[in-house]
Structure formats: structure tokens, C-alpha cells
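In what follows, a single structure is set out as C-alpha cells and then discussed.
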């Protein structure tokens, strides 16, 4: 998958297009991601011992990973703070590194 936990991403398609946020959870088996503050839905809960009042709880719902792009954090890039395509660069030691297609700078997870 082209994204991982703690990446800063922009939603490119769907109802929430144009919003950005940090990935909270990656669901690899269903190819979906949960983004903080994006695609909020209400979950109706019955009264319980833990929550005696019951009511509506707002939580993030997963969206397809195909609808998100990583955000470039390089200030010199022409696509700064926007969704960019990434490519994988293989280093001398054999590790793969994600880099922005436009400015060739490494994409770092925002921790």
C-alpha cells in the first residue's frame, strides 16, 4: 500500500475531497484507511453500564486508500501542501524510500 500510519494525506475523490488529515489506522485487508477528522459518521449507542445515557457518538469511518494521496511537505516543491504522486527510490543498502515525483524529496511520516 502506498500509505502507512501517521502519514499526512489529502482526499482526492468522493464526498470529502479536498480535506487533509493524518492517517490513524490502515486496514490492509479491505484496502481502506481511517483519517483523523475526515468522513465523520454518527454511531447510535444503547444505554449501557459504561455509557448510561446512550446517544450518538461521532467517529471516523474508513475510506478507500485509492482516494487519498500523500502530501508533500517540501516548501520548495511546486505542489507544496497538496496531494502528490510518489515513487519508490531504492537506496544503496537495499531499503526503499518514498519520494515526491515533482521535487525528488523524501516523504516522511508525521509522527
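Where a number appears in this text, it was derived from the coordinates with a stated rule and is not lab data. Please read all numbers here as calculations on a predicted model, not as lab measurements. Neighbour counts are summed over all protein chains in view; Cβ atoms, including those assigned to glycine, are modelled from backbone coordinates with ideal geometry.
Descriptive notes on the structure:
- The chain, Cα convex hull volume normalised per residue, Å³: 138 Å³
- Exposure proxy order (Cβ contacts within 10 Å, fewest to most) of 82, 16: 82, 16
- Counting every other Cβ atom within 10 Å of each residue's Cβ, 42, 102 order from fewest to most as 42, 102.
- In range of the label at residue 81: residues from the range 20-35 whose backbone nitrogen is under 14 Å from the point 7 Å along Cα→Cβ: 20-21
- Relative exposure of 70, 40, judged by other C-beta atoms within 10 Å (fewest first): 40, 70
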